1. Step through the residues of region 202-211 one at a time and calculate ³J(HN,Hα) from phi using the Karplus curve (6.51 cos²θ - 1.76 cosθ + 1.60, θ = phi - 60°), rounding each to whole Hz and writing x for Gly and Pro.
2. Just to confirm my numbers, what's the Cα centroid distance between region 101-130 and region 71-97 in Å?
3. For the chain, what is the largest minus smallest coordinate of the Cα atoms on each principal axis, given in angstrom and ordered from greatest to least?
4. Whole Å is fine, so just give me how far the alpha carbon centre of region 166-239 lies from that of region 262-340.
5. In a shell of Cβ-Cβ distance under 12 Å around Asp357, excluding Asp357 itself, what net charge do Lys and Arg (+1) and Asp and Glu (-1) give?
6. Looking at the square roots a ≥ b ≥ c of the eigenvalues of the Cα gyration tensor of region 164-318, which shape do they give, rounded for a/c under 1.5, prolate if a/b is larger than b/c, or oblate?
7. Around Trp247, what is the net charge, scoring Lys/Arg as +1 and Asp/Glu as -1 over all other residues with Cβ under 13 Å from its Cβ?
8. Which order do peptides 282-288, 175-181 fall in by mean Cβ count within 10 Å, highest first?
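Nothing in this text is a laboratory measurement; each read-out follows from the coordinates by a stated rule. Small disclaimer: the values here were computed from a predicted structure and weren't measured. Counting neighbours? That spans all protein chains shown, and the Cβs are built from the backbone with ideal geometry, glycine included.
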Amino acid sequence: MTESSTAAPPAAPPADDRPYSPGLEGVIAGETSLSKVDGERGRLIYRGYRIGDLVERGTYPAVANLLWTGEWDPSHRLATARIPDAVMTVLRTLPASTKPMDALRTAVSAWGAVNDLPWPPTDEQARALTSFSPSALAAFARLRAGLEPVEPDPSLDLVEGFLYQLKGERPDAGTARALDAYFIVGAEHGFNASTFTARVITSTRSDIASAVAGAIGTMKGPLHGGAPSEVVDQLSQVGSPEHAEEWLRGALARGERLMGFGHRVYRAYDPRAAALRKVAESMEHKPEWLELAIQVEDVALRVLAEKHPERALKTNVEYYAAPVLQGVGLTPDLFPATFSLARHAGWTAHVLEQSADNRLIRPDVRYVGPAERDLPS
Ligand code: ACO
């Protein structure tokens, strides 16, 4: 023991007046060449390319490859992968009541346990994990419904393959394309909470599966990835355009948040919401409440502007993710896990970027507890 328990406490240290930003808002905590989120102007680019152009002219595998390698190859393909037997055994033991995010996190963790994932992480590891997870989520969704999992079809691209393994039949081209667009807009988004988690885990030289499992746990929170299913709930409570204003004002008066609005970074309209609104409107099988959502959006933006004139609260990606996800036939409880599948490209690209120029992420904290003191005798 180096400190005597009877020694008088030293003089109080000087006050810690280093700058502190709650929630790390506005703090630069790293550098990336993967994406730029321009919240003031409502712009988003992946390696320089505009999100709207990527949605119109790209596919999810091409975008994932762009994030991993920096190369734009629109013909790049990536199929879903087979589930290792040990992971399938784990999935079979989960109760049907397991939340899909918990099932996906567990599957990724089990995948990490059966794969050798040496440091540093590689493109191959990123591809393998990104192509494994859709199979795992689809298998879990079938098992909980009492159905047998469907083997991957290597002739299908990742998003089409996911829908095939989920439903047991090939989706039509429009449905696959709509979900692919959703995967593109969900692929990457700067230093959001789950990506930051993945980078912190990677910075300790832990493996890519641990980083992605941690990221899934972070995305599980409703302030990050849980909003689209709540958008559906809120719209069903609103019921009709005539009730929108009264319902929205009531919700704000009760201190509730309007799901699908507001963002830590965007002060302008989220460009991903704009891209997904176009996709939703052009879908063949759109949910019947899409028109209601469009009308409610206008009212919500108006009442939010009145309630919070100091902070621009605009539509975020989750608002129009809801009709796209429902339109392609996913149940709302699968929305957050599907968002996680899409974000695999970004998470794993950040894992690669972090490991390529690694420094342990270990910030400091301001102590606000009692001054040093003696234990009561
Ligand atoms: N509805 C009502 N009020 C809101 C909303 C909202 N959607 N968003 C923010 N506000 C209010 C807050 O209550 C707060 O007001 P106060 O200062 O009077 O308490 C003020 O605006 C600032 O809000 P913060 O919580 O400081 O903003 P923060 O940057 O932390 O939050 C967040 C961002 C979590 C997304 C928030 O806007 C929210 O909860 N939105 C609803 C949930 C949602 O849509 N989540 C998906 C986000 S997109 C994504 O993660 C992919």
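1. So the J values, rounded to whole Hz, are 4, 5, 8, 6, 6, 8, 5, 5, 5, 4.
2. The distance from the Cα centre of region 101-130 to that of region 71-97 comes to 10 Å.
3. 76, 55, 43
4. Centre-to-centre (Cα) distance: 15 Å.
5. Details: positive: Arg199, Arg359; negative: Glu31, Glu353.
Net charge in that neighbourhood comes out at 0.
6. Working: a/c = 2.16, a/b = 1.26, b/c = 1.71.
Oblate is the answer for region 164-318, as a/c is 1.5 or above yet b/c matches or exceeds a/b.
7. On the way: positive: Arg249, Arg254; negative: Asp233, Glu242, Glu245, Glu246, Glu256.
Charge balance near Trp247 sits at -3.
8. Working: 282-288: 14.1, 175-181: 22.9.
So the order, starting with the most tightly packed, is 175-181, 282-288.
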